[in-house]
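Notes to accompany the following structure.
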Amino acid sequence: MHALPMPTPPLLRPFAAVQAVLLLATLAALVVQPPAALPLWIATWLTAAWTLWAVLRGRIGMLLALVVQCGALATVTSATGLLYWHWLLKPLAMVIAIVLVAYSARPSSAGGPFDAKPWWLLGAALAGSLAGDAFLMVEGFFIPGLVSFLLAHVAYIALFRQGVAWFPRPAALAATLGVGAAMYAFLWQGGLPAELRIPVAVYVTVIALMAAQAIGRAGALGDRAARQVALGAGFFMLSDSLLATHRFVLPLPLAQVGVLATYYTAQAFIVHGMVQALRQR
């Protein structure tokens, strides 16, 4: 008995056609880029090409491909000084991620059970991230951005708690809290302003708890989707560590590339892993 082929999404062919045309057009445009920026643009082009290949192979959906592509473009436009494009693309990535979650949350069958709570938590985490992205693009709004991401991590903690115990892997909790404490000591010694010491301490603790819950969840569930979420949580800690180091301790070369690339990688892994897990439920 042969398995029936999976139906092709109705928009896949026009999506792939438009993407292919854009990739060919931008490939020709690479030759006029300044030599210093060329490697970044090539990496962005390769990222876009990979997402198209992944969509055609059925590994990711079209909306997630757009999230990754917007994230890559937001990264390269920030690094190359195209700030107007960066201001558009940086929040757009999270807007598309929220649309992806809303679209995926539709019940797949009219008569099946549907638990809306984890979908709302995922949407809330992305909304907090979107607000944080917007605040951090404006000079003087670091604290509102910090609070927005803090609330996003609280939503992620509650989301990763669904279906598993609190911090089911004590070793993961000890490890993430230890890394967070070491990072905080590094920032304190490097010149963290006095007025930010308490807010940053709270934030470091919460993101360490978020990563610990994600890693513990992956250990408890043992599936690929949970491991993707845990990997995303790890990238989130890395992104924030790079941002804090660059802002408070010492300037890092290509800081925006490292911070944003790891940030969008984190969000993509978390969204993809959680959507897959919630769809299976």
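GNM remark for the chain: springs join alpha carbons under 10 Å apart, and the peak mean-square fluctuation among 19, 69, 256 falls on 19.
Projecting label points 7 angstrom from Cα along Cα→Cβ for residue 37 and residue 189 puts them 3.9 nm apart.
What the Cβ-Cβ distance of residue 182 and residue 279 gives, at R0 = 41 Å and to the nearest 0.05, is a FRET efficiency of 0.65. Three principal axis extents describe the C-alpha atoms of the stretch 1-159; from largest down they are 57, 48, 19 Å.
For the chain, carbon and sulfur atoms together expose 72% of the accessible surface, with a 1.4 angstrom probe and every protein chain in place.
Using only the alpha-carbon atoms of the stretch 1-84 as identical scatterers, what base-10 log of I(q)/I(0) does the Debye formula give at q = 0.23 Å⁻¹? The Cα Debye sum returns log10 ratios of -1.14.
Compute the length gained on full extension between residue 138 and residue 120: take 0.36 nm times their separation in residues and subtract their Cα-Cα distance, giving the result in nm to one decimal.
That pair, residue 138 and residue 120, stretches by 3.7 nm at full extension.
Stokes-Einstein, applied to the Kirkwood radius of the stretch 200-248 over Cα pairs at a viscosity of 1.567 mPa s and 4 °C, places its translational diffusion at 115 µm² s⁻¹.
Straightening the chain between residue 223 and residue 20 buys 69.7 nm, computed as 0.36 nm per residue apart minus the Cα-Cα spacing. Of the chymotrypsin sites (Phe, Trp or Tyr not before Pro) found in the stretch 135-169, the ones in coil according to DSSP and having at most 12 other Cβ atoms within 10 Å of their Cβ are 166. Taking the charge dipole of the chain about its Cα centre, with +1 at Lys and Arg Cβ atoms and -1 at Asp and Glu Cβ atoms, the residue from 132, 225, 206 reaching farthest to the positive side is 225.
Relative to the globular-protein estimate of 2.2 N^0.38 Å, the Cα radius of gyration of the chain stands at 1.05.
Using a cutoff of 8 angstrom between alpha carbon atoms and counting only pairs six or more residues apart, the relative contact order for the chain works out to 16 percent.
Which value in deg cm²/dmol, rounded to the nearest 500, describes the helix-derived mean residue ellipticity at 222 nm for the chain, given -39,500 (n - 2.57) per DSSP H run of n ≥ 4 and division by the residue count?
Helices in the chain give a 222 nm mean residue ellipticity of -26500 deg cm²/dmol.
The values are calculated or read from the model by the stated rules, or taken from the named source; none is laboratory data. Computed from a prediction, not measured in an experiment: that's the story for all the values here. Reconstructed Cβ throughout: ideal geometry from the backbone, glycine too, with neighbour counts over all protein chains shown. Keep in mind that these areas ignore ligands, DNA and RNA; they rest on the heavy atoms of the full protein, side chains included. Shrake-Rupley method; radii C 1.70, N 1.55, O 1.52, S 1.80 Å.
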